[in-house]
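Following: one structure in structure tokens, then a few remarks.
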């Protein structure tokens, strides 16, 4: 994870949460996909969640395959959602894989 550039990187076992600008998070997902495949791991987009401002347009094809989750419906790591709201109000996004 030290080579990733996202503003927020939280990982435990096979779960990973990234947050930051769309381009940076997208690049980090690509890196994780490549490195994971070397270890026999593959990303399952149907289990990935994308939390972003509803008006933020996704440019990355991988991000478009993730399940979009409403802020109101998803607790963020058991914390108050102000952290996720911070990223979203600054045109950034949160991805849980």
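Look through the stretch 22-51, keep the residues that are touching a residue at least 40 places away in the same chain (Cβ under 8 Å) and more than 10 Å from the chain's Cα centre (by Cα), and return whichever of them is farthest from residue 66 (Cα to Cα). Applying the filter and picking the extreme gives 32.
Restricting attention to the stretch 10-30, the residues that are over 22 Å from residue 57 (Cα atoms) and surrounded by 14 or more Cβ atoms within 10 Å (Cβ to Cβ) total 1. Among the residues of the stretch 63-88, those identified as surrounded by 10 or more Cβ atoms within 10 Å (Cβ to Cβ), part of a helix (DSSP H, G or I) and either more than 11 Å from the chain's Cα centre (by Cα) or modelled with pLDDT under 85 (or both) are 64, 71, 83, 84, 85, 86, 87, 88. Taking the options 43, 56, name whichever one is at pLDDT below 85 and touching a helix residue (DSSP H, G or I) at 6+ places or on another chain (Cβ under 9 Å). Matching residue, one of 43, 56: 56.
The values are calculated or read from the model by the stated rules, or taken from the named source; none is laboratory data. Just so we're clear, the structure is a prediction, and the values are computed from it rather than from any experiment. Glycine also receives a Cβ, built like all others from the backbone with ideal geometry; neighbour counts cover every protein chain displayed.
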